[in-house]
Every structure is written in C-alpha cells, then in structure tokens.
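Asks: Got a structure for you, questions after.
Bear in mind these aren't lab numbers, they're just calculated from the coordinates by the rules spelled out. Keep in mind that what you see is a predicted model, and the values were worked out from it rather than measured. Note that each Cβ is placed from the backbone with ideal geometry, even for glycine, and that neighbours are counted across all protein chains shown.
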Amino acid sequence: MADAHSGRGARAARPLSPHLQIYTMTVSMASSIIHRITGAALYFGSALLAWWLISAAISPAYFDYVASWFQTWPGKFVMLGYTWALLHHMMGGLRHFTWDLGYGYELATIDKLCWASAAISLTATALVWYYVATNYGSV
Amino acid sequence: MNMRTPLKTARNLGSAKEGADHFWKQRVTGVANVALGLFLVWLIASLVGADYATVKAKLANPVIALALLALVVSGTLHMRLGMQTIIEDYVHGEAAKIVCVMLNTFFATAVALACTFAVLKISFGA
Ligand code: HEM
C-alpha cells in the first residue's frame, strides 16, 4: 500500500475507495464473503481428509485412534460443518457459473439466487446428517 | 485501433504472473468438484462410524478409489488456485506474498500426495 504514495511505482494521489464499513450489508455481499470463508475452511479441512485416509493406510490401531477423534462431539461438529461448507460453497460455485455464462444479473435475481443457495445447502446438510444419524444410531 | 498502453502489456499477467489461465482452471476444477464433491459427501455419510475392515474394503473398490483420486487432483488444484486469489487480495508486500504463494503450493501438494499415496496403498493391498 505504501508505494501508492512514494518511491518506485508512485501514483497520483487519487481518492481511495470508501472504507468497507460504510457499505450496507446486502445478501450478495454476505454470500460473497461466505463463499470465501467456506473455500478457506474447505482448504484447511482437506488436511483432515488426508489424515483420515493416511490413517487407514497405516494400521488398524492408528485408524481407530483417528476415528475416535471423529466420534467426539467436536469431531462430529467438524464433519457437519465440513459437509455444510462443501455444499454451500458448491451452491456458490454454481451461482458463479451462472454469472460467468452471462445470466442472472438482475438485482432481484441475484438476491433470489443467494437465498436459494443458502436454503438448499442448509436443507441438504440437514438431510445428509439426518440420514447418517438414523442409519448409524451412534453418530 | 489499439487502445492499450504499454503499462497494460507489462501488467496483464496479474499479481502472481499467471494471467487468465488461473480463472479458467478455477472454473474447470470447480465444475469437476460439483460431481466429485457430491461423491465425497456420499462417501463420508456412508462410512461414518464404520470399522477399519469396512472402510478399507470400500476405499479399495476400484471405482471408489478412482473417484477419490480424481477428487484429490481436482480438489487440490482448485483449492491452491482459490487460496492464491485470497493471498493476492490480502498480502501486499512482494516478499511476504511470494512466501505465502509458495507455502500454499507446498500445502496443496502435501495434501495431494498424502491422499494419493494412502488411496493407492489401500487399493494395492498391504
Ligand atoms: C464442490 C464444488 C465446488 C465448486 C462448484 C467450486 C467453485 C468455485 C468457484 C467458481 C470459485 C471462484 C470464485 C470467484 O471467482 O470469486 C471458487 C473459489 C474457491 N474455492 Fe471452490 N468450488 C468447489 C469446491 C471447493 C473445494 C472442495 C475447495 C477446497 C478444498 C474449494 C476452495 C476454494 C477456495 C479457497 C476459493 C477461493 C475463494 C475466494 O477467492 O474468495 N472449493 N470455488
């Protein structure tokens, strides 16, 4: 940021864009932020998938140890959260593809697409874990 | 008529010197991730609480192993590109940015190799 005003690459002192805080939060803005947050969460969460797969490749004992972590309440919460992040980010991605193809730019449509992604991902996550809970009892 | 200035020629490669290639790869892997992501949700849901033998047998199934490998390739390429965008947006110092972009590559590669190795080892027995 500093070289906008001095030294190499100095540019004319144009006004900076308004600070983020003066904008009113809109659905599309929240969706954009959540798309980024879920993307980052999936990024770090991928290490957990790697850990689980590696544990199955190491030994039954180590697999059981790792699986026991996923059986704890924080472990279950992480799996639930990962499912939601994945499905929500997926809906966000589909929304991006729609825009990339040139459709869905009317303001009302944008809002609808954003609300629909949120509704679909929450419902799908709930259905998946309802299925898991009823089929395995212990989960 | 060419409206471009020389500055445009020097700068059009973007913050990490890669150009529009990044955008396109993000889309291709994103599209692949839709199917592969649904597969992952199904796989996890079907294996929650399962014991070692069940998990191993399932992961060794060729169709499942191949889908997992595809997911690992597409997913890690995609997440590396996505995180690079985030880094470019928030890390402005040139040195810090290069370090972050590099660490990002290392992380994505490590996850990709670990998953691939695990799936292959389970599939080929041992
Ligand atoms: C499930 C299907 C998926 C779809 C359809 C999808 C689609 C997309 C798209 C279109 C973008 C670009 C957004 C933009 O240009 O602003 C993106 C960004 C990103 N994705 Fe995905 N993605 C998927 C799965 C994943 C997974 C599994 C991960 C991580 C392991 C991931 C991590 C990221 C990250 C970190 C970003 C950058 C976010 C940002 O720039 O704000 N995505 N995704």
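Asks: Any idea how many residues of the range B:47-68 are among the aliphatic types (A, V, I, L, M), in a helix (DSSP H, G or I) and within 11 Å of chain A (Cβ to nearest Cβ)?
Replies: Final tally of qualifying residues: 8.
Asks: Just one of the numbered conditions (1) surrounded by 14 or more Cβ atoms within 10 Å (Cβ to Cβ); (2) more than 16 Å from B:N33 (Cα to Cα); (3) more than 8 Å from the ligand (Cβ to nearest atom); (4) of a type in the set (V, I, T) is not true of B:V73; which one?
Replies: Result: B:V73 passes all but (2).
Asks: Here's a follow-up. Identify, from the list A:T83, A:T134, the residue that is more than 8 Å from chain B (Cβ to nearest Cβ) and not aromatic (F, W, Y).
Replies: Going through A:T83, A:T134 in turn, the sole match is A:T134.
Asks: Can you tell me which residue within the range A:80-136, out of those that are within 16 Å of the ligand (Cβ to nearest atom) and among the polar types (S, T, N, Q), is farthest from B:I44 (Cα to Cα)?
Replies: Per the stated criteria, the residue is A:T98.
Asks: Hey, another quick one. Restricting to the range B:24-46, what's the tally of residues that are at the interface with chain A (Cβ under 9 Å from one of its Cβ atoms), near the ligand (Cβ under 10 Å from one of its atoms) and surrounded by fewer than 17 Cβ atoms within 10 Å (Cβ to Cβ)?
Replies: Residues that pass the stated criteria total 4.
Asks: Which residue out of A:A47, A:A67, A:A12, A:A30 is in a helix (DSSP H, G or I) and under 30 Å from B:E94 (Cβ atoms)?
Replies: Only one candidate passes the filter, namely A:A47.
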